[in-house]
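Notes to accompany the following structure.
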Amino acid sequence: MHFFKDDNPEEKYTAMITQPVSRLIPSLAIPTVTSMLVSSIYNMADTYFVSQLGTSASAAVGIVFSLMSIIQAIGFMLGMGAGSLISRKLGEKDAAAANKYASSAFAAAFVLGTLLTIFGLLFIDNLMEKLGSSPSILPYARDYARYILIGAPIMACAFVMNNVLRAEGHAQFSMIALTSGGIINMFLDPIFIFAFKLGTAGAAIATLISQCISFAIFMQFFMRRKGIVNLHISYVSRTARDYFNIITTGLPSFSRQGLASVSTVILNKQAILYGDAAVAGISIARRIILLLASVMIGIGQGFTPVAGYNYGAKKYGRVKQAYWFTVKCGAAILFIAAVILFVCATHIIAAFRDDIDVIKIGVATLRFEALSLPLHGIITGTNMLMQATGKKIQATFLSCNRQGIYFIPLIMLLPIFFGLTGIESAQAGADVLSALTTIPYVAHFMKELSQRKNAETSSQQVTSS
């Protein structure tokens, strides 16, 4: 397949480095937030409809969520890694390098996704047990995971194309692809689960079909030559260094998503000690928080190409301006959402599962995590700033904090002293610690940007004189 540029790259470049960030970031973030919300909502739809089958079936969604996080980790690592490089290369007006990174990431996603499918299906029961499934949950988890594994290559490649489009400033195309698949999934869920009596397998089949539709829409955008960046097999790199650059740049995303999977496994193993109701209640609450957190991720992904373009173009003042706009905007939105969640927690959890134990545990978890939800503004914003500007080590460390460096010790230690309450509050504690950790990184980076800006100004003055 061959694609060439139909969009005007000069106009795109000019807009990215001159438009006011208060208009530019929302124009990129709104379609991204919309697509993230729809993706989260159709995941919530799976949780809602499967929960009607029983507590063990509801818990199975939480188990398989770890598997989906692994697929997302692969897709986001390659997609965000290539996307960050593409934004900076487009800022430097190096289109050939952008094409190479996009095509190579797509090829790598297909290969890794296929390997996950093969080995996942061969050892599916063992995999579900490793992810925290109990004997009562296993039949539901197996049925759900089988079709998710089949779709792994398609899902991973779709994540790459999604991030390539966002990197070049075409977030509206991503929105169309993701929302189309998500809406179809929500309609198919009750049909496959209840009308066809396929149970949890039906929910997974609906998800697989929706992912295939999103993939097809992404692909046709490239096939119709809508993008700035080209994809072609001839652009796929044969140099290990290029894949190293993609992977190391995307490592923060892999760490973030991969640790989300690991932390969910540990969480499930801790929660299962309190019964299937604990796994179900916590899983429902975390899905709801994920829905709101996706708003900040969407805003951050609207910010990322702006930061990458301007950093590549040496517009350091605009990078700083864009960052603070992103953090403040995200924190304000999430604060409003947190208040609503805290007040309405009982009604929200009860809408998913009419089980007194599930409701009690879910409400406590939801309220704890609502308290720390506004902190996602600075946590996500700072992480994406570092990733977009090529600060690989800093970005990777910060991405490991929330779900790894802080959460894993807390989820292991707090239950020893506080029992179930320790499990319910562990993520909120990790969020607070993660937010505090970002402060010195932000201060140092802003100082560096000021120094770069001053040096660039001095250089221009010398040149002009």
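The values are calculated or read from the model by the stated rules, or taken from the named source; none is laboratory data. On a predicted model such as this, the values are computed, not experimentally measured, just so you know. When we count neighbours, we look across all protein chains shown, and the Cβ atoms used for this are built from the backbone with ideal geometry, even at glycine. These area figures cover heavy atoms from the full protein model, side chains too; ligands, DNA and RNA do not enter into them. Shrake-Rupley method; radii C 1.70, N 1.55, O 1.52, S 1.80 Å.
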Let's see if you can work this out: charge +1 on each Lys and Arg Cβ, -1 on each Asp and Glu Cβ, no other charges. What is the dipole magnitude of the stretch 373-465 about its Cα centre, in debye to the nearest 20? 280
Projected label distance in nm at Ala351 and Ile416, using a 7 Å step from Cα toward the beta-carbon: 3.9
Quick one: the Cα spread of the stretch 378-438 along its three principal axes, in angstroms, biggest first? 42, 17, 13
More than 16 Å apart: what percent of Cα pairs in the stretch 347-405 qualify? 58
Give the dimensionless ratio obtained when the Cα radius of gyration of the stretch 4-54 is divided by 2.2 N^0.38 Å. 1.87
I'd like to compare 231-237, 387-393, 196-202: which one has the highest average count of other Cβ atoms within 10 Å, and what's the full order after that? 387-393, 196-202, 231-237
About the Cα centre of the chain, what is the dipole size in debye to 20, counting +1 per Lys and Arg Cβ and -1 per Asp and Glu Cβ, all else neutral? 1280
Lys12: which lysines have alpha carbons under 16 Å from its alpha carbon, excluding same-chain residues fewer than 8 sequence positions away? Lys89, Lys93, Lys226, Lys315
The stretch 302-349: Rg/Rh from Cα coordinates, Kirkwood Rh? 1.29
In whole Å, largest first, what are the principal axis extents of the Cα atoms in the stretch 352-465? 76, 28, 17
Tell me, in nm to one decimal, what length is gained between Ser136 and Lys328 on full extension, where the rule is 0.36 nm per residue of separation less the Cα-Cα distance? 64.6 nm
In cubic angstrom, how much convex hull volume per residue do the alpha carbon atoms of the stretch 178-238 span? 101
When the gyration tensor of the stretch 139-277 is built from Cα positions, what are the square roots of 5 times its three eigenvalues, in whole Å, from largest to smallest? 31, 23, 13
Calculated FRET efficiency, Lys197 and Phe244, Cβ-Cβ r, R0 51 Å, to nearest 0.05? 0.55
Rounding to the nearest 10 and keeping the result within 0 to 90°, find how far the Cα-based axis of helix 356-372 lies from the longest principal axis of the chain. 20
Dmax and Rg, reported as Rg then Dmax, of the stretch 130-175 (C-alpha, Å): 16.1, 47
Options Ser104, Tyr42, Phe123, ranked by Cα towards positive dipole end of the stretch 30-134, top entry (Cβ charges): Ser104
Where in the stretch 83-189 are there chymotrypsin sites (Phe, Trp or Tyr not before Pro) that are in a DSSP coil and have at most 14 other Cβ atoms within 10 angstrom of their Cβ? Phe123
Determine which lysines satisfy two conditions relative to Lys269: a Cα distance under 21 Å, and not lying fewer than 8 residues away in the same chain. Lys130, Lys360
What number, rounded to the nearest 500 deg cm²/dmol, is the helix-based mean residue ellipticity at 222 nm of the chain, given -39500 (n - 2.57) per DSSP H run of at least four residues and division by all its residues? -29000 deg cm²/dmol
Probe radius 1.4 Å, ligands and nucleic acids ignored: give me the carbon and sulfur share of the accessible area of the chain as a rounded percent. 68
Compute the angle between helix 407-418 and the longest alpha-carbon principal axis of the chain, please, reported from 0 to 90 degrees and rounded to the nearest 10. 30
Given a Förster distance of 45 angstrom, what is the FRET efficiency for Glu448 paired with Val343, based on the Cβ-Cβ distance and rounded to 0.05? 0.60
May I ask you to derive the relative contact order of the stretch 131-240, considering only C-alpha pairs under 8 Å and at least 6 residues apart, and to give it as an integer percent? 35
Based on the mean of other beta carbon atoms within 10 Å per residue, what is the order of 396-408, 240-252, 207-219, 372-384, most packed first? 372-384, 396-408, 207-219, 240-252
Cα coordinate range in the chain, projected on the principal axes (Å, largest first): 76, 47, 35
